[in-house]
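No lab work stands behind these numbers, since they all come straight from the coordinates. The structure presented is a predicted model; accordingly, all values stated were derived computationally and were not measured. Backbone-built Cβ (ideal geometry, glycine too); neighbour counts: all protein chains shown.
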Amino acid sequence: MIENNNIWLFAYGSLLWRPGVAYDQAERGTLQGWERRFWQGSPDHRGTDTQPGRVVTLVPCDERSVTGRLYALPRTRIADTLAYLDHRESGGYTRCWVTVHREGAGRCRALTYVALPGNPHYLGDCPVDELAAHIRRSTGPSGHNYDYYQDLIDSLIALKVPPSELEAIRVFD
Ligand code: SIN
């Protein structure tokens, strides 16, 4: 039984293509009232302390939604799993609970990692040409920032997200 033996994790960024954790099942999920934006600085994965890259976070937006993946994490391994995720997302992300719509299966509570305004690496909005230049020039221990962008676009296409959701983060043609 998924519900009792598992804790859901909602992924919308790098956890889509590189979860890095064991899971029993994965499915598509939608989070309403938020949008995905390249507003978080990355000092540890796609940039450095002095030249942070730009990665996605969730930003409140009433009329939008974010499509992602729900991973059913085994409860038996949850302490190790969360230790890994907390470390991986330690560059400004906070772990919190959200309500996610499952495909044809109602709603569930899920953990997610969100980088909120006020965290030390938060960058916020910027013009699209500056965002493109920032992503083009940035690189860090987890690889080039452009590869993060391309992996995200590819993951969202594979998830068949609505075109408007894809367009909201498209920076390059
Ligand atoms: C996520 O993937 O759900 C969190 C943000 C990231 O690691 O890119």
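Data overview
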read-out: Beta bridges by DSSP in the chain, antiparallel share as percent, to the nearest 5; value: 95
read-out: Förster-model FRET efficiency, 45 Å R0, ASP49 and ARG102, C-beta, rounded to 0.05; value: 0.70
read-out: The chain - mean residue ellipticity at 222 nm from DSSP helices (-39,500 (n - 2.57) per run, n ≥ 4, rounded to 500); value: -7500 deg cm²/dmol
read-out: The chain: most fluctuating residue of ARG69, ARG137, ARG54 per GNM, C-alpha cutoff 10 Å; value: ARG137
read-out: When the chain is reduced to its Cα atoms, the Kirkwood hydrodynamic radius in Å; value: 16.3
read-out: Largest-first principal axis extents of the Cα set of the range 6-51 (Å); value: 39, 28, 16
read-out: Extent along principal axes [Cα atoms of the range 72-159; Å; largest to smallest]; value: 42, 30, 25
read-out: Convex hull volume per residue for the range 124-173, taking Cα atoms only, in Å³; value: 90
read-out: Residue order, fewest to most beta carbons within 10 Å, for GLU165, GLU63; value: GLU63, GLU165
read-out: Choice from THR139, THR67, THR48 with maximal GNM fluctuation in the chain (Cα, 10 Å cutoff); value: THR48
